[in-house]
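So the structure is just underneath, and the comments pick up after that.
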Number of protein chains: 2
Amino acid sequence: MVKSYSQIKQPTLTMTQEEKQTGQIILEAARKVFQKSGLGGARMQQIADEAGINKASLHYYYRSKDKLFQAVFQEDFRRFMIPLSGILFRETELTVEERITTFVRSFLRTLIENPHLPLFVIHELTRNPDRLLDMVQGRSVHMEEGDGLDYGKREPNLFLRQIRDGIEKGKYHKVIPEQFVISIIGMCVYPSIARPIIRHWLRKDDDQYNEFLEERQSEVIDYAFRILIKDYKPYEHQFNEF
Amino acid sequence: MVKSYSQIKQPTLTMTQEEKQTGQIILEAARKVFQKSGLGGARMQQIADEAGINKASLHYYYRSKDKLFQAVFQEDFRRFMIPLSGILFRETELTVEERITTFVRSFLRTLIENPHLPLFVIHELTRNPDRLLDMVQGRSVHMEEGDGLDYGKREPNLFLRQIRDGIEKGKYHKVIPEQFVISIIGMCVYPSIARPIIRHWLRKDDDQYNEFLEERQSEVIDYAFRILIKDYKPYEHQFNEF
DNA sequence: AAATAATTTAACCAAATGGTCAAATTTTTC
DNA sequence: GAAAAATTTGACCATTTGGTTAAATTATTT
């Protein structure tokens with residue numbers, strides 16, 4: 001017996017092992033195509049081919065192109081934001097220096113391992129800023145318990161407050177904390193986003209460019225400390241854990 | 001008498017005053033739509049509506065969507081690159097400090113005045129990196145004499161060499177010049193590219209965000225100097241010209 | 001002002017796209 | 001192992017898309 005389309009038990013809600021696999025294959029294929037071509041440029045047929053299945057099966061697992069996109073985007077958005085919310089702004093006992101060191105390392109690692117991530121996330125977020133609200137508050141069927149995004153408490157944000165404290169105590173230079181934070185993130189993200197331009201300028205191939213990004217870790221940490229810390233002596237962050 | 005399509009004298013090659021105007025109107029409409037939706041997402045009908053003309057006229061002035069896109073992209077690419085090639089890398093008599101100060105100011109100004117510029121350029125360049133070659137060497141019918149792009153001489157690039165000299169003389173900290181340059185650019189570009197995310201984080205409206213970018217000018221210059229210069233005293237760049 | 005060239009327009013067109021559906025096939029249940 | 005449920009598939013559809021064309025309109029030339 002064949003059920004009409006709308007009566008089909010939703011596979012995303014009742015995945016057995018095999019179903020989960022197929023759903024996962026589709027998701028990865030979709031990620032590849034969406035990251036390369038964006039929501040508008042991606043073709044359902046292309047995703048089906050990439051996944052090695054029939055186009056109709058895409059709609060069986062994910063009702064529409066947009067639903068499929070949402071599933072992909074939500075994961076990528078979280079992956080992009082985890083170092084931010086998890087290290088930079090979470091209310092843990094970390095010092096400013098530890099936050100910066102750990103953040104830069106883990107963020108640049110994420111970017112090396114996911115070269116298309118930031119441009120994809122930022123581009124789609126710019127195209128449709130409403131997604132931000134969906135991401136930050138909303139919890140979709142594809143997210144698990146505790147996956148809610150969280151920049152950390154706002155106002156007063158602990159990290160920003162730590163920086164202000166250090167400035168008041170004369171330990172740090174007089175920076176504008178928000179500008180300083182954006183600068184660190186920008187120093188990390190930009191070379192990933194502008195990869196083709198910079199690669200062209202420096203005449204590097206893909207592997208050489210990844211080395212350039214590896215080398216960048218300690219460089220950016222140095223820069224950040226030099227901007228912030230008054231009596232900074234280079235390389236001391238290399239003796240940290242991690 | 002009506003000429004067949006291919007026999008029509010190409011308007012882009014023989015623009016009278018009125019033609020130039022119409023062509024310009026189309027170009028501006030196309031820029032708006034392309035910047036908002038990208039090459040794939042933009043619709044010719046949407047551009048025609050925006051320009052207030054018939055869709056067929058678009059093809060009369062620019063043979064195809066891709067030709068129109070190229071005309072738009074070429075201009076935007078150049079606008080994006082001018083501060084880089086014109087200030088940072090041009091072989092003029094500027095000091096490192098002057099280059100940095102002037103570059104950051106003019107670059108951030110460009111970004112404030114053209115909010116969609118960098119994401120548009122970088123996104124389309126990532127989608128189709130071959131355009132880079134077209135841009136750098138090629139000279140299209142839409143570019144005028146002397147418009148050829150030029151990063152400046154490569155290897156040895158004067159700016160990089162100036163930094164290396166300063167390091168050798170003990171005047172500058174021991175940075176990797178390429179990484180340092182990318183960092184300055186990243187500190188400028190990132191807040192423009194990630195506008196929706198940062199706006200959301202800082203809870204700023206459009207005007208407030210532009211103020212944030214204005215305020216950023218001296219902040220980034222401070223950061224750059226603090227990273228580079230050993231005995232840097234803040235605010236001295238404010239006494240420069242410009 | 002007639003002839004000619006340039007521009008604008010409405011009506012079309014072929015191809016591509018997201019999506020649907022009923023039938024066929026495979027897997028699970030009893 | 002038969003019945004039921006879940007999955008996969010090829011064929012199909014309505015809409016949208018970039019692009020074309022011939023006729024109508026406007027500018028220019030002589």
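The values are calculated or read from the model by the stated rules, or taken from the named source; none is laboratory data. Predicted model, so just to flag it, every value in this text is computed and none were measured. Here Cβ is always computed from backbone atoms with ideal geometry, including for glycine, and neighbour counts include all displayed protein chains. Side chains are part of the model used for accessible areas, which takes the heavy atoms of the whole protein and leaves out ligands, DNA and RNA. Shrake-Rupley method; radii C 1.70, N 1.55, O 1.52, S 1.80 Å.
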For this session: Between the label point of B:LYS204 and that of the same position in each other copy, find the distances and list them shortest first in nm, with every label point placed 7 Å from Cα along the Cα-to-C-beta direction.
Result: 3.0
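Give me the inter-chain shielding for A:101-109: mean count of other chain Cβ atoms within 10 Å, whole number please.
Working: counts 0, 0, 0, 0, 0, 0, 0, 0, 0.
Counting Cβ atoms of other protein chains within 10 Å of each residue's Cβ and averaging gives 0.
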Exercise. Short version: ³J(HN,Hα) in whole Hz for each residue of region A:21-29, in order, from phi by Karplus 6.51 cos²θ - 1.76 cosθ + 1.60 (θ = phi - 60°), x for Gly and Pro, what are they?
Worked result: 4, 4, x, 5, 4, 4, 4, 5, 4
Exercise. Taking θ as phi - 60°, what are the ³J(HN,Hα) couplings along region A:70-79 by the Karplus curve (6.51, -1.76, 1.60), each to the nearest whole Hz, with x for Gly and Pro?
Worked result: 4, 4, 5, 5, 4, 4, 5, 4, 4, 4
Exercise. In nm, one decimal, shortest first: how far is the label point of A:LYS36 (7 Å from Cα along Cα to beta carbon) from the matching points in the other copies?
Worked result: 3.0
For this session: Please name whichever of A:PHE120, A:LEU202, A:ILE176 sits farthest to the positive end of the charge dipole of region A:73-239, dipole taken about the Cα centre and charges placed at Cβ: Lys and Arg +1, Asp and Glu -1.
Result: A:ILE176
Seminar exercise, completed: Rg (one decimal) and Dmax (whole number) from the Cα set of region A:14-117, in Å, equal 17.1, 52
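Classify region A:73-239: rounded, prolate or oblate, from the alpha-carbon gyration tensor (a ≥ b ≥ c, eigenvalue square roots; a/c under 1.5 rounded; otherwise prolate if a/b is larger than b/c)? Intermediate values should be presented prior to the final figure.
Working: a/c = 2.00, a/b = 1.11, b/c = 1.81.
Since a/c reaches 1.5 but b/c is at least a/b, the shape of region A:73-239 is classed as oblate.
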For this session: Collect residues whose amide H, placed 1.01 Å from N in the peptide plane, falls under 5 Å from the amide H of B:ILE229; neighbours closer than 5 in sequence don't count.
Result: B:HIS173
Problem set entry | Amide H within-cut-off set for A:ARG63, under 5 Å, with H built and near neighbours excluded | none
Exercise. Using the Karplus equation 6.51 cos²θ - 1.76 cosθ + 1.60 (θ = phi - 60°), what ³J(HN,Hα) coupling, rounded to whole Hz, does each residue of region A:168-185 give in order, writing x for Gly and Pro?
Worked result: 4, 6, x, 7, 10, 5, 7, 9, 8, x, 4, 5, 5, 4, 4, 5, 4, 4
Exercise. Residues of A:110-121, mean number of Cβ from any other protein chain within 10 Å of their own Cβ, rounded to a whole number?
Worked result: 1
For this session: Enter the accessible area per residue of region A:73-239 (Å², integer; probe 1.4 Å; all protein chains in place).
Result: 42
Exercise. Say the cut-off is 24 Å between C-alpha atoms; which of A:LYS174/B:LYS230; A:LYS32/B:LYS32; A:LYS204/B:LYS174 go over it?
Worked result: A:LYS32/B:LYS32
Problem set entry | Pseudo-label separations to other copies for B:GLU93 - Cα-to-Cβ vector, 7 Å, nm | 6.1
